[in-house]
Amino acid sequence: MNATLLNPFTITHPTTIQTSLVSVASFARFDPSGKLLAAGRPDGSGVIWDLDTRATIRWCEGHVKGVTAIDWSRNSRYVLTASKDWNIIIWDLASPCDPPQRHTTIRFDAPVVAASFHPRNRYRSVVSRIVLALLSTGEAYIVDLRSSHRGRFELGGEDDGDEKRTIMTTVRFDPTGRHVFVGTSAGTIEVYNTRTKSLIARHRIVGAGVIKGIVFANGGRRLATNSSDRTIRQFTLPTYPTPPEQNTTYESNKCQIVETELEPTHRFNDPISKVAWHAISYSPDGEWLAGGAADPAAHKIYIWDISNDGQFASALDGGREPLLDVHWHPHAPRLASTTKDGNILIWHCPSPERWGAFAGGFEEADENAWYEEGEREFDLEDEAELALRKKLQEDEDVDIVGGIEDSTSTVPLNDVTPGDVDLEWADEEGELDRKDWRMKIITVEGEEVY
């Protein structure tokens, strides 16, 4: 079989709305397989959508205030929801009930504005028990639920000096999980080592103001920031040193802090309306960057072509409902954008039908043309010879096991290089999150299931 027969067209970026999901949501996140969508609602619930059937399949009802963040485990079994009610709940979607069973509840002393799982998952059968959280008070914590490392560690809590401490406004793991990147109200990005929780770098961004959001391209070498000066900046990150081995406590591990000024490789903004940005998101291959405009009278998504020196590609118009959030599909040219009224718009790139891709030698004609008959095209064949040829073709071995590798399946991250203490530390004591788990089908009493 040929993979191009299944996907014969070159697809770039989303161009039109495929469907709209009425969910009364503030934001939405695709799962790693791209088949499910989780949405956080202001009433404290989270809803899971099946994108194939466009139906809700689970309701995560456990918070008493609005959901502020959602994250998926690598194989989509566990869902993390953070809320203004000071709690983070991890849900087990493999449980045969709706709402799903609570796997873990983490409580803080202030509303949680952002939270995520550690991205490391070496063996496919584990989900990280390391959670990153940002509170409304401007404090960031790494919560380690593993028995041998259990604790709640504040990032930047050990800083000393005469400088006034800045407020942390956004936090994010890098794709490898080695570092935590923190945006501050002073226009700086602080880099912490996940294992030692120590500050290893501080980057100043000239003219940025408050850092509102951070996203990484695939691979983690490129980073984009959304700041209060209404400009999106892209940077190429340097290589950071590895802190020394832990001895007893992470406070005892001191290393030289890299103090540099990052120079952006690209700047993106709207030169006409000078609009601010609610959210930014990279495409899976990192070649496209989407920015959700904070326009109070329109639903606008701007897309830039990073592979073409960051040139502006297109502006998607979703109507007059203002945009709140935008998120790119993990594998396909699709976007999920959320409106102020709570609707989720799914964007895609429609492909024109090209029948020539499914029949060898078939050519589409744009206009009438004279057909030239081949010399023996319509000659009669000997039936015995034709039957023999068909029989020989039936005897040929056909590979029905190999087939085409599913590009949407989750793949493990690179194996740990011997001596890589950061990744070896992160791989300890995982939780079961097998790829072959199945979600139970729950039916409503009295309804017929076909």
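What part of the accessible area of the stretch 261-333, given as a whole %, is carbon or sulfur when the probe is 1.4 angstrom?
Carbon plus sulfur share of accessible area: 48 percent.
Would you mind checking 274/340; 65/300; 84/440; 35/440; 65/197 for any pair whose Cα atoms are more than 25 angstrom apart?
In this structure, 65/300; 84/440; 65/197 lie more than 25 Å apart at Cα.
Give the long-range amide H neighbours of residue 265: residues separated by 5 or more places, or on another chain, with amide H under 5 Å away, using H modelled in the peptide plane at 1.01 Å from N.
Correct list: 234, 235, 236.
Rounded to the nearest 10 Å², what accessible area does residue 169 have for a 1.4 Å probe in the complete protein model?
That residue has around 50 Å² of solvent-accessible surface.
Rounded if a/c is under 1.5, else prolate if a/b beats b/c, else oblate: with a ≥ b ≥ c from the C-alpha gyration tensor eigenvalues square-rooted, which is the stretch 174-223?
Since a/c reaches 1.5 but b/c is at least a/b, the shape of the stretch 174-223 is classed as oblate.
Using a 1.4 Å probe, how large is the accessible area of residue 195, given in Å² and rounded to the nearest 10?
10 Å²
Amide H of residue 179: which non-local residues (sequence gap of 5 or more, or other chain) have their own amide H closer than 5 Å, using H built in the peptide plane?
The answer is 174, 194.
Quick one: how many Å² of residue 56 are accessible to a 1.4 Å probe, rounded to 10?
Approximately 60 Å² of residue 56 is accessible to the 1.4 Å probe.
Does the stretch 218-336 come out rounded, prolate or oblate by the C-alpha gyration tensor, with a ≥ b ≥ c the root eigenvalues, rounded set by a/c under 1.5 and, if not, prolate when a/b is larger than b/c and oblate if not?
The shape class here is prolate.
Compare 302, 371 by solvent-accessible area with a 1.4 Å probe and give them largest first, with all protein chains kept in place.
Largest accessible area first, the list is 371, 302.
From the Cα gyration tensor of the stretch 42-147, with a ≥ b ≥ c the square roots of its eigenvalues, which class applies: rounded if a/c is under 1.5, or else prolate if a/b is larger than b/c, or else oblate?
Oblate.
Please list, in order along the stretch 53-60, the HN-Hα scalar couplings obtained from phi with the Karplus expression 6.51 cos²θ - 1.76 cosθ + 1.60 (θ = phi - 60°), rounded to whole Hz, x for Gly and Pro.
For the stretch 53-60, the Karplus curve yields 9, 6, 10, 7, 10, 8, 10, 9 Hz.
What's the local net charge at residue 239, with K and R +1, D and E -1, over the other residues with C-beta under 15 Å away?
Counting the neighbours of residue 239, the net charge comes to 0.
Once amide H atoms are built 1.01 Å from N in the peptide plane, which residues 5 or more positions from residue 103, or in another chain, come under 5 Å H to H?
Close amide H contacts, sequence-distant or interchain: 90, 91, 92.
The values are calculated or read from the model by the stated rules, or taken from the named source; none is laboratory data. Note that the coordinates shown come from a computational prediction; the quantities given were computed from them, not determined experimentally. Heads up, the Cβs are rebuilt from the backbone with ideal geometry, glycines too, and the neighbour counts pull from every protein chain shown. Surface areas here come from the heavy atoms of the whole protein model, side chains and all, with no ligands, DNA or RNA. Shrake-Rupley method; radii C 1.70, N 1.55, O 1.52, S 1.80 Å.
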